[in-house]
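Here's the structure we're looking at; comments come further down.
The values are calculated or read from the model by the stated rules, or taken from the named source; none is laboratory data. Only a predicted model underlies this, so the values are computations on that prediction, with no experimental measurement involved. Note: ideal-geometry Cβ built from the backbone for every residue, glycine included; neighbour counts use all protein chains shown. In case anyone asks, the SASA skips ligands and DNA or RNA and just uses the protein heavy atoms, side chains included. Shrake-Rupley method; radii C 1.70, N 1.55, O 1.52, S 1.80 Å.
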Amino acid sequence: MTKAQSLWNQGVKIGAIGGVSVLIISLVGMVESFGKRDIIAGILPMGVAIALIISILAAYMAAKKTSIPEKSIQFANAVVSGFVISGFLAVFVMIGRSFNIREMFVGASPVLYNILTGGVAGAGGIFLLLLTGVLCGAFAGILHMLKDLPRKLMVNALLTIFILGLLQELILPILKAWDVGMINYLAGLFYTLNGLTPIGAILSVVIFCILYLLWNANQGAIKFKYASLPKEARKKSQVAALIVLAVILIVLPQFLGLFLSEVITIVGLYVLLGLGLNIVVGYAGLLDLGYVAFFAIGSYVVALLTSPQIFAFGLNFWQALPIAVICGILAGVMLGIPVLKMRGDYLAIATLGFGEIIRILVLSDFLRPWLGGAQGIGSIPNPNLFGFQMVKPQHIYYLLLAGIILVIFISLRLKKSKIGRAWMAMREDEDVAQAMGINLVATKLLAFATGAGFSALSGAIFASKIGSVYPHSFNVFISINVVCIVIIGGIGSLPGIVVGAAVLMGLPELLREFAEYRMFVYGVALVIVMLLRPEGLLPEARHKMEFHDETEAGAKTVA
Amino acid sequence: MFQKWKDRVTITDIVMWMIGGTLLLLCLWGSVSTIRAGLYTKSHWIDFLIFGLAQGSIYALIATGYTMVYGVLKMINFAHGEVFMSGPFTGYFVATAMWRSDFLDNHPIMAIITIFAVAMFVSTMIAFLVEKIAYRPLRGAPRLIPLITAIGASFFLQYLFKGLYGSGINAYPDIEILNGFWMIFGIRVLKIQVIVIIAAIVLMLVLYNFIMLTRVGKAIRAVSEDKEAAALMGINVDAMISTTFIIGGMAAGAAGVLYALMFKQVHFFMGFLPGLKAFTAAVLGGIGNIPGAMLGGIFLGLIESVAPALFLDGLGIIAPYQLKDAIAFTMLVMVLIFRPTGILGERLASKKA
Amino acid sequence: MILLSIQEMTKRFGGLVALNALNINVKEKSIHSIIGPNGAGKTTFFNCLTGFYRPEEGEVMFNGQSIVGLSPDRIVHKGISRTYQNIRLFPNLTALENVMVGYHVHLKSGFFGPILGLKKTRMEEEKATQIALDLLKYVNMEGREDTLAKNFPYGEQRRLEMARALASQPKLLLLDEPTAGMNPKETQDMMDFIQHMRGELGITIILIEHQMRVVMNISDIVTVFDYGKMIAEGLPEEIKNNKTVIEAYLGTGEAADSH
Ligand SMILES: Nc1ncnc2c1ncn2[C@@H]1O[C@H](COP(=O)(O)OP(=O)(O)OP(=O)(O)O)[C@@H](O)[C@H]1O
Ligand SMILES: [Mg+2]
């Protein structure tokens, strides 16, 4: 490949991809609306930071993908792609300023053009924009030339600033909650009400670098030490870690404000749902897209039994809970029977259909006298534990924690039993599993029922947490989200589910600016994670190694 | 004797037959009492039928995209509903621009052709890019993985278009020549519905003949049958898969414009439900089977439009139209139970040892 | 004593008659080989015996009971187990788990046993693990129990599949081309192993095999299929010299031999 070809193939083409990406996030309004908040106060708005990150990333890829080992060409490619990216934006700004494209693209506002051109009007602004692009490219080119350690240091340091700035709304309230002089002082040193202070940014980079270098120097030794411990000692340290984890989990809500506790209960609900679906999808391999149905059933049973509206049975939460779970299990069996013989995508679409049927029925005027129709059922009392009203999200947190621990315990025990093996065998090869004496009907129904029971449990807690249930809370997106959590986390892996729920459900709640772009980012994240880490974020240990070579070398089939 | 019986008939079979039988009886009873009660006149029924046909032929066009992609990749292209949305949503801006400049009123045919061209182009590009970016790198990965990227792509596209074009519901401009009625055999029918039906049927015929008769079509069918064998025969499998997405995208874009002309509105979420319905239609017809998808779509459209009145009204269910989606999905589940390969699907020889 | 008796078994695929009115008796503790050209219906025969397919006509008596039309899982309970022509392990389960799934039919524990950690369940589980480990040892795969099945080389996958089939402690074992794709040394080992199984475990074996050397060496009786029909049956010596058989194999016989 000649140099010119390489410039075209890597420099220009990758630059164009980067350019389109930045253009898209500008046009959908992310750059503008994130421009209102700063990563570093008064210096770097968040929207610009995101655009810069994408540009640098693209330019870096251009250098990395360069097929010629010459350093100068790699650097040139980075610069070229940086220039191409800014070229895209420059053309866009010029078009936007001369024609009215706002009719079509709602995000193409003068404010956006101002941000992109650094507030400088006319040709000067365009020049500034192009210069920034070239500088981004040059920066990426230099990054690419650096040795491993300094590069990692630099990238991670910059990311630290970005993340600290991004998570301000999470970190600042936690710091302030202590209300200790020292911490207040630190909080003031690092943060303004809008982003990091410049000093804070520099300090965090310094602190990060020191920590990173220390860790880097000792990491090998620590790992080695752990590995050389005798088995009992290792077991002990694991137990100790578990105890620490337990303590953290128990005291956690005390340090979280109302908002964060709320977020954590949402994550908890999804963890519970994910654990249940993991039995169905992860263990038994049955792709269930109607999983929300059981969540809805759990909620509605609790609502009907405890709320004074409609029937006024007058049960309390604890009496209703087991009934809700049993109803969920029964529903799991009932909806399981028709789909017993279906496989793969047919199963997915049939279960999706069930989920929708149930939602539509609940929503309908026809069943309204019994289920409340679109208005749902309100005034569901909070759970009451020995006379103690669980009203705050913190209290629900403990309820959820107990539920999650129970479900994890059951999942682990089942997995290592005859039933768990039968499920997994069925997932691997249904015909052979049957030929090994596994009764497919019973085994499948058991998976559906177990998963449904967990889902109903989650739904019951949900109903009493929210205090009212509406059919609109139970749409197909809940099912889809749960499937995504299970797979993004790493199919079959229990810690993966926690991580998946935290990343997919918790993070968007925290980044409130993202609220509007939540689904947008969510979609991109799903695609990217699956492309880069098809085994999930935190896969089951045994899959970690195999997954990659299976997909890359192509499934080696033995005739 | 009892042992013999117990070993051979499963309880689930009996339960399913009972459920099926009950539903059938309910439908019959509902129909009889609806017709007896004379709640609807003949012209009502004809309206239902024509509307159902129009709706169904749109489903059918979308469903061909699902079914063809399923054929070549064996995956649900969850983002197909968004492919359907992207075309007419973009076409909307072209349409309003032409409407403002009076071009739409002066040269309506040209204008409609332009709208179709733009919409089909956009949908096609989207379909092509989705395959290239989100699915191609995952060939050979376990099946759940492309499903997740498909869901991701679907969300991304929905909210991309929401971000680009705004979240409002946009009213398609009125096109004079599509308004009004025709009298066909003394029956008053809405022009637009007839046009939608005819346009959809013509497009489907073109598409079907393309797949059945041309070299490319044959290559696509070969890839659906067996990718490896097709590659050995010198067929460029990747190119054929791309072509499949392109054809599916064109059909979806055209369907989208028909939908927009019939319902007069576009918005970023408009692809979700028709997409789901079209997939249902593809499964009803036997997924992977193109005529099946067309038939399934029309069947679904008809059922949705006729069944609530016919089956449910007579049973004394109030507001039966709220339940039309539930009927569609119940139909789907019933078909999957009693004829798992769909209406036209040939028995896929299940791979045994 | 006759363990398995098949009468007039017929299986059709549309117009194709894959099995045509077969009558076969299999003696207890014998090694009964089935040979025939490609597409003769040998694998289909196995599929009909194990309940994968339901023959249109005929009767199958196993151990004095009719098993025709039973689902595959019921048939394993009666004591028939098999391996597959193209290995079908559970690829993402470990070797140990694969074998333990084979032992599934003998496990009694239910849903709550493992959750509550009942003593009975734990003992049963321990026993199952022990049996599975012993079987892995028996097929020379000691110490590899935690490796995923898909990561074994071909020959070991075959042995693992055999261990899994043995785990159900069958009376009758159906082996579909166990030596396919093996080199002479591996083939010899497999032959020894099959004879061992019959000798030590007292299992009756039906063997589908293409390599004539194997068939002639270890079979007690040989049945020959062609186009779904039984064209000959007898001692290996008789089959070797049977005219019809030679005709059926004519042209393909050499090829089959060199497999
Ligand atoms: N599921 C099926 N549907 C239709 N035809 C089938 C099916 N299974 C097998 N056949 C046909 O039945 C015939 C017998 O096949 P079978 O696999 O039993 O042969 P075989 O003797 O095992 O051959 P080989 O030595 O190649 O393994 C073949 O013509 C095959 O194509
Ligand atoms: Mg065979």
Inter-centroid distance (Cα atoms) of segment B:90-150 relative to segment B:189-233, Å: 18
Buried accessible area, chains B and A (both chains, 1.4 Å probe, Å² to nearest 100): 4900
For residue A:35, list long-range residues whose amide hydrogen, built 1.01 Å from N in the peptide plane, is under 5 Å from its own amide hydrogen. A:47
Distance in nm between residue B:23 and residue B:184 label points, each 7 Å along Cα→Cβ, equals 3.1
From the phi of every residue in segment C:133-145, what ³J(HN,Hα) in whole Hz does the Karplus formula 6.51 cos²θ - 1.76 cosθ + 1.60 yield, where θ is phi - 60° and glycine or proline is x? 5, 4, 5, 4, 5, 4, 9, 6, 10, 4, x, 10, 5
Once segment A:348-444 is represented by equal point scatterers at the alpha-carbon sites, with solvent omitted, what log10 I(q)/I(0) does the Debye formula produce at q = 0.12, 0.16, 0.22, 0.24 Å⁻¹? -0.80, -0.97, -1.01, -1.08
Over segment C:90-168, relative contact order from alpha-carbon pairs under 8 Å, at least 6 apart, %: 52
If I compute solvent accessible area with a 1.4 Å probe over the protein chains, what percent of it on the protein assembly as shown is carbon and sulfur? 68
Potential extension, residue A:330-residue A:531 segment - 0.36 nm per residue separation minus Cα distance: 68.6 nm
Sum up the lysine pairs in segment A:249-541 that clear both bars: alpha-carbon distance under 23 Å and a spacing of 8 or more or different chains. 6
Expressed as a whole number of Å, what is the distance separating the alpha-carbon centroids of segment C:180-227 and segment A:282-302? 50
For B:326-332, what's the mean count of beta carbons from other chains sitting within 10 Å of each residue's beta carbon? 6
Straight-line reach from residue B:218: which lysines have Cα under 23 Å away, leaving out those fewer than 8 places along the same chain? B:74, B:132, B:227
Amide H of residue B:265 versus every other amide H placed in the peptide plane: which residues, excluding those fewer than 5 positions away on the same chain, fall under 5 Å? B:172
Equivalent-ellipsoid semi-axes of segment C:90-168, from the Cα gyration tensor, Å, largest first: 24, 12, 10
Would you mind computing, in nm to one decimal, how far apart the modelled labels at residue C:13 and residue B:236 are, each placed 7 Å from Cα along Cα→Cβ? 3.5
³J(HN,Hα) across segment C:64-73 via Karplus (A = 6.51, B = -1.76, C = 1.60, θ = phi - 60°), whole Hz, x for Gly/Pro? x, 10, 7, 10, 6, x, 6, 6, x, 5
Suppose we compare each residue of segment A:525-539 in its chain alone and in the full protein complex with a 1.4 Å probe; which ones drop by at least 10 Å² of accessible area? A:526, A:527, A:530, A:531, A:534
Report the convex hull volume per residue for segment C:149-241, counting only C-alpha atoms, in Å³. 118
Listed peptides C:9-15, A:18-24, C:95-101 by packing density, highest first (mean Cβ within 10 Å): C:95-101, A:18-24, C:9-15
Kirkwood-Stokes translational diffusion coefficient of segment C:88-228, alpha-carbon pairs, 20 °C, 1.002 mPa s, µm²/s: 131
Mean-position separation - Cα centroids, segment A:25-104 and segment A:134-191, in angstrom: 21
Could you point to the residue in B:146, B:53, B:275 farthest towards the positive end of segment B:40-306's charge dipole, with +1 and -1 charges on the Cβ of Lys/Arg and Asp/Glu respectively? B:146
Solvent exposure of the protein assembly as shown as accessible area per residue, Å², 1.4 Å probe: 44
Per residue and in Å³, how big is the convex hull formed by the alpha-carbon atoms of chain A? 212
Can you list the aspartates and glutamates whose alpha carbon is less than 15 Å from that of residue B:162, not counting same-chain residues fewer than 8 positions off? A:103, A:516, B:82
Cα-Cα pairs above 32 Å in segment A:249-541: how many percent? 23
What does the convex hull of the alpha-carbon atoms of segment B:63-193 project to on average, in nm²? 10.3
At least 20 Å² of accessible area lost relative to the chain alone, listed for segment A:105-133 with a 1.4 Å probe: A:105, A:106
How many nm is it between the label spots at residue B:339 and residue A:177, if each spot is 7 Å from the Cα in line with the beta carbon? 6.0
Using only atoms on other chains, find how many Cβ atoms lie within 10 Å of each Cβ of peptide A:363-375 and report the average. 3
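Evaluate segment B:1-139: find the radius of gyration of its Cα atoms, find its Kirkwood radius, and give the ratio Rg to Rh.
Using only Cα positions, Rg/Rh for segment B:1-139 is 1.21.
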Do me a favour and compute the ellipsoid semi-axes for the protein assembly as shown from its Cα gyration tensor, root of five times each eigenvalue, largest one first, whole Å. 52, 40, 34
Hz values of 3J(HN,Hα) by residue in segment A:285-299 - Karplus curve (6.51, -1.76, 1.60), Gly and Pro given as x: x, 9, 6, 10, 9, x, 4, 4, 4, 6, 4, 5, 5, x, 4
Given 37 °C, 0.692 mPa s and a Kirkwood radius over Cα pairs, the Stokes-Einstein diffusion coefficient of segment A:145-196 in µm²/s is 265
Per residue of A:20-29, count partner chain C-beta atoms within 10 Å of its C-beta, then hand back the mean as an integer. 2
Lysine pair number, Cα distance threshold 26 Å (strictly under), segment C:90-168, separation 8 or more or different chains: 9
Relative compactness, segment A:123-209, computed as alpha-carbon Rg over 2.2 N^0.38 Å: 1.40
Cross-link partners among aspartates and glutamates for residue C:11, C-alpha distance below 17 Å, same-chain residues fewer than 8 apart left out? C:56, C:57, C:59, C:226
Taking amide H atoms as placed 1.01 Å from N in the peptide plane, list the residues 5 or more away in sequence, or in a different chain, whose amide H sits under 5 Å from that of residue C:27. C:3
A:345, C:176, B:226, ranked by accessible area, largest first (probe 1.4 Å): B:226, A:345, C:176
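Over all distinct alpha-carbon pairs, what is the Kirkwood Rh of segment A:1-145 in angstrom?
Details: mean 1/r = 0.0660 Å⁻¹.
About 15.2 Å, per the Kirkwood formula over Cα pairs.
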Have a look at the DSSP beta bridges in the protein assembly as shown and tell me what percent are antiparallel, nearest 5. 65
Taking N as the number of residues in chain C, what is its alpha-carbon radius of gyration divided by 2.2 N^0.38 Å? 1.04
Approximate shape of segment A:1-70 as ellipsoid semi-axes (Cα gyration tensor, √5λ), whole Å, largest first: 30, 13, 6
Rounded to the nearest 10 Å², the accessible area of residue B:100 at probe 1.4 Å: 140
